[in-house]
Amino acid sequence: SEAAAHKQYSRCTFKLMPINPGRGRPADHGAMDTNDSFDADRRKAMDALTQVVDPEICENIVELGLVERLQVEPAIVELTLVLTSPTCPMGDAIIDDAVQALQQAFPDREVRVLETHEVDWSPQRMGAAARKRLGWDDAQG
């Protein structure tokens, strides 16, 4: 049923399937440091990840600065995420949705999504537009 294709978390309702790359806000590719240039596959992966929304904040994980590392290889796509808190209650949902988005974008590749606790998340990781929408100015941290 149509209702089964939606999940409700907090105040945010969003559709999980199908994920349509290109729908929604474009990725702020400059908001993350990957130490590599963006090729077509990297852009495809980042665009898919813009469809993954933190259900408590209602912003996509790219704009929130949750993407720490993205490696796209011919056989595997590996993503490392930094969650807003090590005890983030929506962490499992975000990781599951990221796996699903990348599997849809790259059905012929293994997808691995990891979480790191070695890097702390802060509002400075967010794209400027997300900081503005959420009421963070550059002086807050």
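The values are calculated or read from the model by the stated rules, or taken from the named source; none is laboratory data. This structure is a prediction, so every number in the text was calculated from the model and none was measured. Virtual Cβ from ideal backbone geometry, glycine too; neighbours counted across all protein chains shown. We work out accessible area using only protein heavy atoms, side chains counted, and drop any ligands, DNA or RNA first. Shrake-Rupley method; radii C 1.70, N 1.55, O 1.52, S 1.80 Å.
Has the range 16-31 got any residue that is modelled with pLDDT of 85 or more and out of contact with any helix residue (DSSP H, G or I) (no Cβ under 9 Å at 6 or more places or on another chain)?
Within the range 16-31, none of the residues are modelled with pLDDT of 85 or more and out of contact with any helix residue (DSSP H, G or I) (no Cβ under 9 Å at 6 or more places or on another chain).
Taking the range 39-91 on its own, how many of its residues are in a helix (DSSP H, G or I) and either among the β-branched types (Val, Ile, Thr) or surrounded by 19 or more Cβ atoms within 10 Å (Cβ to Cβ) (or both)?
Going through the range 39-91, the residues in a helix (DSSP H, G or I) turn out to be 40-49, 91.
Still in the running and either among the β-branched types (Val, Ile, Thr) or surrounded by 19 or more Cβ atoms within 10 Å (Cβ to Cβ) (or both): 45-49.
Selection size over the range 39-91: 5.
With respect to PRO55, is the statement that it is modelled with pLDDT under 85 and under 24 Å from GLY135 (Cβ atoms) true?
Answer is no for this residue.
For VAL119, work out the one condition from (1) of a type in the set (A, V, I, L, M, F, W, C); (2) closer than 17 Å to GLU56 by Cα; (3) part of a loop (DSSP other than H, G, I, E, B) it doesn't fulfil.
(2)
This table checks each residue for (1) open to solvent by 90 Å² or more (accessible area, probe 1.4 Å); (2) among the acidic types (Asp, Glu).
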| site | (1), (2) |
| --- | --- |
| ASP108 | yes, yes |
| LEU114 | no, no |
| GLU118 | yes, yes |
| GLN124 | yes, no |
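Can you pull out the residues in the range 102-116 that are part of a strand (DSSP E or B), of a type in the set (A, V, I, L, M, F, W, C) and touching a helix residue (DSSP H, G or I) at 6+ places or on another chain (Cβ under 7 Å)?
Those that are part of a strand (DSSP E or B), of a type in the set (A, V, I, L, M, F, W, C) and touching a helix residue (DSSP H, G or I) at 6+ places or on another chain (Cβ under 7 Å): VAL111, VAL113.
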